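Just below is one structure, and these are the notes that go with it.
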Amino acid sequence: MLLVLAGCTTTVSGTASPEPASPPSNLALVNPAGTASVLTSVKKAVEAVFSYDSTALPAYEKATTENLTPAAREEIAKLLAEVRNSAEPIKLVTRVIVSAAVEQTADKAQVLTVLDQSSSRAGTTSKGLASVLLAVVREGDRWRIGEVKVNPAGSPLAPEKPGVGDRVIARVRDSARDGALRVAEVLLSVNPADPEGSFARYESVSTGQLLTQFQQGKATQVSQIRAAGTKSSMAPNPVAAVMEVVDDKASVLLYAATNVTDAVGQVTKKYLPIVLRLRHLPEGWKAAGVETVQPLP
């Protein structure tokens, strides 16, 4: 299982400037133990309330009561209505593949999560991925899910106010998140009218082995882009969450939609969760690797 408890070890190279007394408003990764605790709690809650066994209803009702706010219980009931209304016995098993905190305070958090789901009914089994943005709230010693956004589209986070809890880790975290969004916008765009330009832009935001791969396969890929005639661009408001920052490297979980236009003008929207492996260079963050999130075996 690829669950990353983000930032359990977070270090930043260089000399830190003196820290103000107040902490940053967003504590994701700044408080590694707190972030790990949130992600562990969310994993348990998600796997409990997004799994369903029609032969064990009392256990499921107990799980939803313990892990969801009243508003979220109604939301989950709507999302799983087809499953719960099945005339045949049905079992839905959900497992967390990867998750990361978008925002975190002492009592609230937003967590981007990619789920592996397997459904068994009438002797047949189907599998799929789901991406969800969860708003969770602390109630006593328990984190409960308060809101669920499937295939989420977010909005840019407000930057930390200068001089108010301006810590090195928070600045690097937000820099990595912004860098990931810039890189993704380039890498998820294809222009068949200018394939050479598309590749030049890919190379400009890449480094290491990823850059080498682009350079080695450039001639073939340029020809394929031109022949296919398919155009792609990243849709507005992707959601990005930094999983870890270690020295000059960062891993960022990103959920994005792309608008794809084929050679005859047919437009479709594709959704994908990806993990960007970034490296910080003098000119800024660049992608050293891109991984699509895959279903669990």
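With a 1.4 Å probe and every protein chain kept in, tell me what percent of the accessible surface of the chain is carbon plus sulfur.
Of all accessible area on the chain, carbon and sulfur atoms account for 54 percent.
Quote the accessible area belonging to Y202 in square angstrom, nearest 10, computed with a 1.4 Å probe and with ligands, DNA and RNA left uncounted.
So the heavy atoms of Y202 present about 20 Å² to solvent.
Just to be sure I understand the model, the point goes 7 Å from the Cα along the line to the Cβ. What's the resulting S233 to K78 distance in nm?
3.1
Can you list the lysines whose alpha carbon is less than 27 Å from that of K62, not counting same-chain residues fewer than 8 positions off?
K43, K44, K78, K91, K108, K127, K149
So with the 1.4 Å probe, I'd like the accessible area per residue for the chain, rounded to whole Å².
That works out to 49 Å² per residue.
Sorting T292, T35 by accessible area (1.4 Å probe), largest first, what list results?
Greatest to least solvent exposure: T292, T35.
Using only the Cα atoms of the chain, each taken as one equal point scatterer with no solvent, compute I(q) by the Debye sum, divide by I(0), and report log10 of the ratio at q = 0.10, 0.15, 0.16 Å⁻¹.
-0.62, -1.18, -1.27
Report the full-extension gain for the segment V168 to A71: residue separation times 0.36 nm, less the Cα-Cα distance, to one decimal in nm. Let's see the in-between values first.
On the way: separation 97, 0.36 × 97 = 34.92 nm, distance 3.70 nm.
Result for the pair: 31.2 nm of gain on full extension.
Would you kindly state how much longer the chain becomes between A59 and V93 on full extension, computed as 0.36 nm times their sequence separation minus their alpha carbon distance, in nm to one decimal?
Contour length minus the Cα-Cα distance gives 10.8 nm.
For the chain, what does the helix formula give at 222 nm: sum of -39500 (n - 2.57) over DSSP H segments with n ≥ 4, over the residue count, nearest 500 deg cm²/dmol?
When only DSSP H runs of four or more count, the value is -9500 deg cm²/dmol.
The values are calculated or read from the model by the stated rules, or taken from the named source; none is laboratory data. These numbers come from a predicted model, not from an experiment. Heads up, the Cβs are rebuilt from the backbone with ideal geometry, glycines too, and the neighbour counts pull from every protein chain shown. Quick note on the areas: whole protein, heavy atoms, side chains included, nothing else; ligands and nucleic acids left out. Shrake-Rupley method; radii C 1.70, N 1.55, O 1.52, S 1.80 Å.
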